[in-house]
Amino acid sequence: MSGLRERKKQQTQEALSWAALHLAVERGFGRVLVEDIAAEAGVSPRTFNNYFSSKAEAIAWRQLNRARGAARLIRERPRTEPIWESITEALVSQASDQHPGPQWTAGVRLMMTDPALVGEYLKANAAAEQEWAAAIAERTGTEPTDMYPQLVAAAVGAAHRVATNRWLHADPPVGLGSLLRDALRGIAAGLPAPSA
């Protein structure tokens, strides 16, 4: 029964997060009320408050949820696989190389630039790095608070932010997965200086 309950919880969070993102893009973040988000998702405002403490948290939840998925995949990769390969494959699998519609792109741009959302976005990124550090520690036989998993997770977070920013501004469009793979490969190689 707990598996069904967890799936239902995940579906409700997903619906609320999508509704918050959709309405924020459509109307502007400041013009969206919790009641609007709840109505769009087909639940009560009380249900919204059971899952999220704010509109911004509902929007940023998607970022954190994908990070948790990547951490789970890092743990599931073969133990014989080099750690950077495991990290790259796990994170790239969470990013789609398909070019999402303009609404999704606008939602990511909003989350990364709207002053009312940036704090929650950064909070989600910090939580994501802790999730990755814990998974990396498991894979490397270290503690999540040790320097190595913390540094690797911070580097992964930086790669993700840079790749996402390039994806948002790429003309012509480029897949986020490709950009993320390139960024992580560069870090794994020690960030060699580009050739002149």
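The values are calculated or read from the model by the stated rules, or taken from the named source; none is laboratory data. Quick caveat: nothing in here was measured; it's all calculated off a predicted structure. Here the Cβ is made from the backbone with ideal geometry for all residues, glycine too, and neighbour counts use every protein chain on show. When the accessible area is computed, the model is the full protein with side chains, heavy atoms only, and any ligands, DNA or RNA have been set aside. Shrake-Rupley method; radii C 1.70, N 1.55, O 1.52, S 1.80 Å.
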Task: Which listed residue, of Glu138, Glu143, is part of a loop (DSSP other than H, G, I, E, B), open to solvent by 20 Å² or more (accessible area, probe 1.4 Å), at pLDDT 95 or above and of a type in the set (Asp, Glu) - done: Glu143
Task: Filtered residue count, region 71-88, keeping only those that are in a helix (DSSP H, G or I) and either open to solvent by less than 70 Å² (accessible area, probe 1.4 Å) or closer than 18 Å to Ala188 by Cβ (or both) - done: 9
TODO: Filter region 166-184 down to the residues that are touching a helix residue (DSSP H, G or I) at 6+ places or on another chain (Cβ under 7 Å) and open to solvent by 50 Å² or more (accessible area, probe 1.4 Å), then identify the one that is nearest to Met112 (Cα to Cα).
DONE: Arg166
Task: Evaluation of Glu131 against (1) open to solvent by 30 Å² or more (accessible area, probe 1.4 Å); (2) under 30 Å from Gly28 (Cα atoms); (3) touching a Lys or Arg at 6+ places or on another chain (Cβ under 6 Å) (one fails), failing number - done: (2)
- [ ] Check off (1) part of a helix (DSSP H, G or I); (2) open to solvent by less than 50 Å² (accessible area, probe 1.4 Å) for Arg109 and give me the number that stays unchecked.
- [x] (2)
- [ ] Specify the residue that is surrounded by the most Cβ atoms within 10 Å (Cβ to Cβ); the eligible residues are those in region 13-44 that are within 23 Å of the chain's Cα centre (by Cα) and farther than 20 Å from Trp104 by Cβ.
- [x] Ala38
Task: Out of Val92, Val32, sole residue that is of a type in the set (Val, Ile, Thr) and without any contact (Cβ under 8 Å) to a residue 24 or more places away in the chain - done: Val32
Open item on the list: Is it the case, given these coordinates, that Ala116 is more than 30 Å from Gly30 (Cβ to Cβ), part of a helix (DSSP H, G or I) and small (Gly, Ala, Ser)?
Closed with: no
- [ ] Test each condition in (1) part of a loop (DSSP other than H, G, I, E, B); (2) aliphatic (A, V, I, L, M); (3) touching a residue at least 24 places away in the same chain (Cβ under 8 Å) for Leu191 and report the one that comes out false.
- [x] (3)
